[in-house]
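In what follows, a single structure is set out as structure tokens and then discussed.
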Amino acid sequence: MSQSEDPIQATALSNHDRKPIHIPGSIQPHGVLLALSTQLEIVQVSNNTQVFLGKEPEDLLGQPLGYLLDATKVEAVKQCLVKKIGSYSAFKVLINTSNGERYFDAIVHRIEEAAIVELEPTDSESKLSFLGFHELVGEAIAKMQSTSNLIEFLHIAAQKIQEIIGFDRVMFYQFDESGAGSVVAEVKREDLSPYLGLHYPATDIPAQARELYTRCLLRFIPDLTAEPVKLIPTENPTTHQHLDLSYSLLRSFDSCCIEYHQNMGVTALLVISLIQEQKLWGLISCHHQTPKYISYEVRKMCEFLGQIVSSELAHKISHSEWDYEVKLKSLQSEFLQSISQADNFIDALIKPEIRLLDLVSASGAAICLDNEVTLVGATPNIDQVRALIEWADTQVNDNLFFTDSLPKLYPEAPSFKDTASGLLLLRISQVQRYYILWFRPEVIQTVNWAGNPNESIQAQADGSLTVSVRKSFVAWQETVRLTSLPWRMCELESAVSLRNAIVGIVLSKADELAKINLELERSNQELASFAYAASHDLKEPLRGIYNFSTVLLEDYAQILDDDGVECLQTVVSLSVRMETLINALLRLSQLGQAQLREQATDLNELVAQVIEVFGASRQDSELMEIRIPRPLPIVQCDRVLVNEVFSNLIGNAFKYNDKPEKWIEIGYLEEDTETRRHGDTEKLLTASPPHALPASSFPASPRHPVPASSSSYPIFYIRDNGIGIPEHHLETIFRLFKRLHSQEKYGGGAGAGLAIVKKIVELHNGQIWVESTIGVGSIFYFTLE
């Protein structure tokens, strides 16, 4: 993911990787191969049986294995057939040859067809004892385990292996994620040029060779100049295909292998695989300049040391990274705790900002929640980050994406390489556009290669590319640009853990919120029912108080003094006031239980009816000028309730106006809320009213009503040139029974009208708000969705 390949070059490499080196049809000449059927019949042999066994291949084909081995050894081979493919068994065998009895190391492994027996001559009739083995490697193992430093550990292992096998050079070679590798430890003859620290391209050890190293943990070639020995017959009679020699110790070598190592001055080769977490971590590569045979027992000893190294690798690497991982885990735990307790998600992520960056050792980060982007630390600018997110939307499918060379994948990235050559992107939601992006700057690196790594890729006359064997391994330097430090596995795991925790926290909070909403809904229903019952039941005793007070005033006023009459008049006035409040409370509780009856409503007709009612009920209505800048739209709403909204708002515009020339304007905006808040409000408040329409000239119904936009909801407004509202009261005026003036001023009232309006608007999933300037006027906005 850190690099995009040229497709033509990728094709050349792919063809190179597909070379079938596991079925060469031949073996190395220092041993004999017998391929068996499930009945332990010899079906294929190497064409060198006469040399080692004194028998021609034709004399062995079709013979039972007992023709060569005694019954005990045949039974041992038979037991191998029940093991899994690739399992090995080894033992000493004595075979009668034309030159007399001869001892061999017999190595048996299971294949899909049956089994393969490989015979290597040996001078010893006994196996190496455990005590002898322990004497050779015990001290080395103890010394290796005593160090916690990885490189020192590998150097000790290389020294011991060289001491055991006597090769000119022993190297530890480590692969990276791309398949390329480097020499991380080396023990060599003093006169040889060092390979330590040199890098090798992936083409030097192609994918199919790495796969074979994963299956067969030891590869031995005593003489690269020796001629391979063919198998007879060429194809296996059982499968009618070439025999799979993936697990064969004697498997012959490819011509490219010969040329490659001969270019390095190597004739004998021993390679031991190092496996960590079931993946090929690297190789112990042993070179010798002249042919050199190593007995099977000594090779197994080296393989055992390789397994010790493999098992210790995890511990040594873990020990070197342990402190860093503990730091990440501790930071992550603290981080998640603060997020789970925070009210504001973004604040919890970025305060303090260093915590989000330290979580993956980044220098900058960006948090994207839909269209809101917050930058932290050293990052590209906001426009570059938004463009990068747009690219990621189309190019990234996984929840986690990372690269240490973003400029190779994203064409615009070189312009901000100093802050974001490396990118780690975490998608938090698959539904919404929620991302966290971490950035790392460019780090210019100098890489020492063993020869020019591009030398093996050669262009042919037809323009195609092929992979050939490199001829030079002289140190060659390359300056690598447009890359950052690579993202480590523990950092990626830290990011994934953060995502999982965030999703868990969100789900937990959503569950809590759902329970709270359910409880609130039940409480509101109970409160509305109580308010309705209470206000309804209060009206009857209140009516009695009013009636009896009125009777006392009418029939007994003459026997009361002035103070008594005044008290009764106050009781009557207060009962009227109380009935007004109870009616308002009753109306509000009714709205809480109301079901909307939505229908297509022409607001031009509706507003005309409201104006007509005001005209009939108020003698001074002709003095109020009404302006409708353009026909109002048709909307889906509850006609009766929306009539009440306009009645209340227009009524207030009439009531709270002390200007000699009063006017109101009724209209709507099509811009979004943010545009309205920052632009149109100031214009509406400061603009002088254009020619206004008197109520009598208001059109009853325009010829062409304007339908509401299907893609957005209009914002309705009612603007006046009244007394205005103090800024600190702009929110409180929507509370129930909230009045800004005494009962004696502006015609009194219960202070419930705007609370009822707000309730009706919210029933339509809308919003209502006001903006006002004292002495200039007010604008009430609302939406109906």
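Points to keep in mind about this one:
- Yes/no for VAL229 being modelled with pLDDT of 95 or more, farther than 15 Å from GLY306 by Cβ and surrounded by 19 or more Cβ atoms within 10 Å (Cβ to Cβ): yes
- Any chance THR214 is under 28 Å from ALA106 (Cβ atoms), over 45 Å from the mean Cα position of the chain (by Cα) and exposed (fewer than 15 other Cβ atoms within 10 Å of the Cβ): no
- Some residue of the range 308-320 being modelled with pLDDT under 90, of a type outside the set (S, T, N, Q) and closer than 21 Å to LEU498 by Cβ: no
- Meets criteria (open to solvent by less than 30 Å² (accessible area, probe 1.4 Å), part of a strand (DSSP E or B), touching a Ser or Thr at 6+ places or on another chain (Cβ under 7 Å) and of a type in the set (A, V, I, L, M)) for VAL117: no
- Selection within the range 406-423: residues that are assigned to a helix (DSSP H, G or I) and among the charged types (D, E, K, R). The member of this set that is farthest from ILE382 (Cα to Cα) is LYS408.
- Among the residues of the range 173-195, those identified as over 21 Å from ALA207 (Cβ atoms) and either among the aromatic types (Phe, Trp, Tyr) or in a loop (DSSP other than H, G, I, E, B) (or both) are ARG189, GLU190, ASP191, LEU192, SER193, PRO194, TYR195.
- Test: residue in the range 262-279 that is β-branched (Val, Ile, Thr), open to solvent by 30 Å² or more (accessible area, probe 1.4 Å) and either at pLDDT 95 or above or under 45 Å from the mean Cα position of the chain (by Cα) (or both): yes
- Yes/no for ALA140 being at pLDDT below 95, buried (at least 19 other Cβ atoms within 10 Å of the Cβ) and in contact with a Leu (Cβ under 8 Å, 6 or more places away or on another chain): no
- The one condition from (1) within 21 Å of GLY31 (Cα to Cα); (2) at pLDDT 95 or above; (3) open to solvent by 50 Å² or more (accessible area, probe 1.4 Å) that SER255 does not meet is (2).
- Residue within the range 302-310 that is among the hydroxyl-bearing types (Ser, Thr, Tyr) and either free of Cβ contacts under 8 Å to residues at least 60 places away in the same chain or not in a loop (DSSP other than H, G, I, E, B) (or both) present: yes
- If you go through the range 86-103 and pick out every residue that is touching a residue at least 12 places away in the same chain (Cβ under 8 Å) and part of a strand (DSSP E or B), you end up with 11.
- Residue within the range 52-65 that is among the small types (Gly, Ala, Ser), under 22 Å from ILE294 (Cα atoms) and over 47 Å from the mean Cα position of the chain (by Cα) present: no
- Residue that is most open to solvent (accessible area, probe 1.4 Å), among those in the range 398-445 that are of a type in the set (Lys, Arg) and under 16 Å from CYS368 (Cα atoms): ARG433
- Residue count for the range 544-553, restricted to those that are of a type outside the set (S, T, N, Q) and either more than 15 Å from SER575 (Cβ to Cβ) or in contact with a Ser or Thr (Cβ under 8 Å, 6 or more places away or on another chain) (or both): 2
- Scanning the range 567-617 for residues that are hydroxyl-bearing (Ser, Thr, Tyr) and modelled with pLDDT of 65 or more, we see that the one that is farthest from LEU553 (Cα to Cα) is THR601.
- Checking each residue in the range 413-435 for being modelled with pLDDT of 90 or more and within 10 Å of the chain's Cα centre (by Cα) picks out LEU424, LEU425.
- Which numbered condition GLU186 fails, given (1) open to solvent by less than 30 Å² (accessible area, probe 1.4 Å); (2) in contact (Cβ under 8 Å) with a residue 40 or more places away in the chain; (3) touching a His at 6+ places or on another chain (Cβ under 9 Å); (4) charged (D, E, K, R): (2)
- Near pairs, Cβ below 8 angstrom, 6+ apart or cross-chain, from the range 634-648 (under 16 Å from ILE756 (Cβ atoms)) to any residue that is β-branched (Val, Ile, Thr) and open to solvent by 50 Å² or more (accessible area, probe 1.4 Å): SER647/VAL613
- Hits in the range 45-73 - residues which are open to solvent by 40 Å² or more (accessible area, probe 1.4 Å) and polar (S, T, N, Q): ASN47, GLN50, GLN63, THR72
The values are calculated or read from the model by the stated rules, or taken from the named source; none is laboratory data. Everything numeric in this text was worked out from a predicted model, so none of it was measured. Using ideal geometry, Cβ is built from the backbone for each residue, glycine included, and neighbour counts are taken over all protein chains shown. Remember, those area values only see protein heavy atoms, side chains included, never the ligands or the DNA or RNA. Shrake-Rupley method; radii C 1.70, N 1.55, O 1.52, S 1.80 Å.
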